[in-house]
Amino acid sequence: MGAFLDKPKTDKHYEQGSGNGLRYALCSMQGWRIDMEDAHTALTGLGAPFDEWSFFGVFDGHAGGKVSKFCAEHMVRYVMETEEFQQLKDENLPPEKQKEFIKNGLIRGFLNLDEFMRKLPDVVAGEDRSGSTAICALVCPETIYLANCGDSRGLIISKELVAVATYDHKPVNPKERERIQNAGGSVMIQRVNGSLAVSRALGDFEYKRVPNMGPFEQLISPEPEISEHPRHGQDEFILLACDGVWDVMSNEDVCQFVRYQLTVTDNLERICEGIVDNCLNKGSRDNISVVLITLPGAPHISEEARKKEEALDSAIEAIVGDMLKDSTTDSAEMDVTTLTHQVSLALERKGVTFPPGGGMNAKRHVIEKVWHELRPNQELRQEPGRPSNAAVMGFFRAKQVSTGGLAGPGITDDDDPLSLPDLTGAAVADANKHHNKGDFDVNPPASPVPPISIPPQSATATATADSPMKDLA
């Protein structure tokens, strides 16, 4: 469990660009987490003979941000330098052989990068134990490839629907659980050895020390799963995001939200910002990062939809303005969550229809704009209050006791101690009292697999029986 701030850091980082018939933008925000551990890559044009190819990636770090940052800076190079990608320079390659080389090159690039990071001084010295999930998109003239490792996710939207959605690598998935158990590990409270919430990642080398097993057979595997999608004129957009988005939005929510927003604005940064705001307002406690890549078949701006959107923004501004100008409103007690809810109720009474996929949660920026205009010297609190980390640990400790142990069914990824009303006031004080006595262990349990020295691995990857790499040895 990561540590949280008393209030979220809502400053956002933006980028945008275009090339190869694509437009892209990204938005990221630290949110409630103590550190920003997400990183990203966006490149249009990969150099001759791949000038018409583009590469994008989101890397969601955990236990630190070094691995995610290193992956963002070097993943493209490690993929492009593989033997498979070097062979792609042969213009006479049959199309099916080209696809095979691309898939295997992506897998080998992930593995080679992971093996290089294992030898970094901070890793060897045991000073850096971070890891990172990865969701990458390689956009070629004829085909789009998604490479996913972990629980970040990528979507390809085509013909108004989700055409491709990557598969989250979670320890509870039967295939992942089997590999973990074969490597001597266990899955407790939906985590590897009760600690790590993903079953595939780059880095996390303390989970990759089981002797006589290949890199794709370890407790945590660096093997990406490759999805391909033949391009056609009705392809609309690609969206890559960390689990800070998917924890609170479904694939369909994101699809509907982006499709609608593309009809009211051509500002892709604003659309990404809307997703980030929506997720924060829905209760996401993680870092939040989104990359949006539009394809030639993306929806176009509709003047009718744009006018409706402008009318909605004006209605929100008027309602918030009236609330803040009301002398009976105690702005010191007001927070953005409560304010958003009150505005939503007022609009519902007027029969206003909210935009698909996000609703009022995506209008946070409009509410904050009016607040800052009318209350320039007063901060708008993000939430009505939140418990300390000790109270959160107390919640899970109580769940553990009530279910007879950590392996019981009472604790799930859906449990949200931060939303429980009884974790405030006296309950928080009591939890802090016990925490100060040392009753709570806020550190994740260590892996039961001890550090083991393994012989140097050859450059050829060891693959599982059903892996695309099985024929490369």
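Laboratory data are not the source of any read-out in this text; all were calculated from the coordinates shown. Please read these numbers as outputs of a predicted model, since none were measured by experiment. When we count neighbours, we look across all protein chains shown, and the Cβ atoms used for this are built from the backbone with ideal geometry, even at glycine.
Straight-line reach from Lys119: which aspartates and glutamates have Cα under 19 Å away, leaving out those fewer than 8 places along the same chain?
Within the straight-line limit of under 19 Å, Lys119 reaches these aspartates and glutamates: Glu73, Glu81, Glu127, Asp128, Asp204, Glu206, Glu223.
In nanometres, what is the gap between the two model label sites at Ala315 and Glu52, each 7 Å from Cα along Cα-to-Cβ?
Each label point is offset 7 Å from its Cα along the Cβ direction, giving 4.7 nm.
May I ask you to derive the relative contact order of the range 303-374, considering only C-alpha pairs under 8 Å and at least 6 residues apart, and to give it as an integer percent?
48 percent.
Read phi for every residue in the range 216-226 and hand back ³J(HN,Hα) as whole Hz from Karplus 6.51 cos²θ - 1.76 cosθ + 1.60, θ = phi - 60°, with x for Gly and Pro.
Computed from phi, the couplings for the range 216-226 are 8, 10, 6, 3, 10, 9, x, 6, x, 9, 9 Hz.
So how much slack lies between Asn377 and Leu5, counting 0.36 nm per residue of separation and subtracting their Cα-Cα distance, in nm?
131.7 nm
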